[in-house]
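The structure under discussion appears below in the form of structure tokens.
Every number here is computed from the coordinates shown, using simple stated rules; none is lab data. Only a predicted model underlies this, so the values are computations on that prediction, with no experimental measurement involved. For neighbour counting, all protein chains shown are included, and Cβ atoms are generated from backbone atoms with ideal geometry for every residue, glycine included.
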Amino acid sequence: MVLGLPFMVLIIAVFIFLSGIRIVRPTHRGLIERFGKYNRFASPGFNWVFPIVEKMYQVNITEQMVDAEPQEIITNDNLNAKVDAQVYFKVKDDEVSVKNAIYHVYNYQYQIVNLARTTLRNIIGTLTLKSANSERGKINLELHKTLMEETSHWGIEIVRTELKEIDPPKDVQETMNKVVKAENEKIAAVDFATATETVADGQKRAEIKKAEGIKQARILQAEGEAEAIQLVNEAANKYFIGNAQVLRKLEAVEKSLSNNAKVVVPSNAELINVVGEMAGIVPLKREEK
């Protein structure tokens, strides 16, 4: 009987020890309360609490997402838009932040959803439907800024906000689609006209370049002919002093003969004498009467 009592005490002690073991994962932090009052902070790993007397509450510190849920919002131009958004947040991992997330706000996820819905109504209510669709980035920034300010004492960090949709009424959406289609067709027509004008301008420049090339070729041809005439004159002055006109006549005869043309030249012409001299033929003297 005496040996049985220590054994029972040992069993009870082992049971109490095992019942008080708490393992905290790296993704969580723990708050240990004793008789309903905060006692200490539990870090990841092995922790032990006194059964019945103490209790641990674990808090997830990883990034989480809550949906603000679709809602109808009246825009500044009196149109009903269906708006939905998502909020990404996480509880900070230090002891003060974890305590604030548990003790300073009741169900912070529910509070974030309602705060996001209210903020969206305030922001989009000041915008027209068209500007709300075109300024999604601005809406996200204002929503994020407001949530950061309102939850600063909750021990929560608002990582980012995403505006999922801003859907106008069906009839308004159809009208907007027609407007967008018309604008796209207008832009396409302007682009086509611009392209056509560019092609025409390119062709014009090409014709100008071609004309300039022909002009330059003619100028060079004329300059070449002028230089050739100058060389001929120089040769004539050097080898046919005083007979430049005769040399010109010889050139005319040469061109005529090259085309097998028949030319009738008077026998008493000066050109006959020149041709004869060049050919080594001495002209016959006329008999004097």
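How would 102, 214 line up from fewest to most surrounding beta-carbon atoms within 10 angstrom?
Ascending number of Cβ neighbours within 10 Å: 214, 102.
Is the C-alpha gyration tensor of the range 4-60 telling us rounded, prolate or oblate? Criteria: a/c under 1.5 is rounded; beyond that, a/b larger than b/c is prolate, otherwise oblate.
Oblate shape, in that a/c is at least 1.5 and b/c is the bigger or equal ratio.
Can you give the charge dipole size of the range 64-168 about its Cα centre, rounded to the nearest 20 debye, using +1 on the beta carbon of Lys and Arg and -1 on the beta carbon of Asp and Glu?
It works out to roughly 120 debye.
Based on alpha-carbon centroids, what's the gap between the range 121-174 and the range 66-91 in Å, whole number please?
Distance between centres, Cα-based: 7 Å.
Do any of 92/164; 99/130; 138/186; 37/145; 55/90; 37/138 go past 32 Å between their Cα atoms, and which?
99/130; 37/145; 37/138
Taking the Cα centre of the range 4-60 as origin, work out the dipole magnitude from +1 charges on Lys and Arg Cβ and -1 charges on Asp and Glu Cβ, in debye rounded to 20.
Charge dipole, the range 4-60, about its Cα centre: 200 debye, nearest 20.
Counting pairs of Cα atoms in the range 60-212, how many percent are more than 21 Å apart?
On the way: 6866 of 11628 pairs.
Every Cα pair in the range 60-212 considered, those over 21 Å come to 59 percent.
Just the Cα atoms of the range 37-135: what Rg and Dmax do they give in Å?
Rg and Dmax of the range 37-135, Cα atoms, are 19.7, 62 Å.
For a protection proxy built on the mean count of beta-carbon atoms within 10 angstrom, sort 200-206, 105-111 highest first, please. Before the final figure, lay out the partial values.
On the way: 200-206: 10.0, 105-111: 13.6.
The densest-packed peptide leads the list: 105-111, 200-206.
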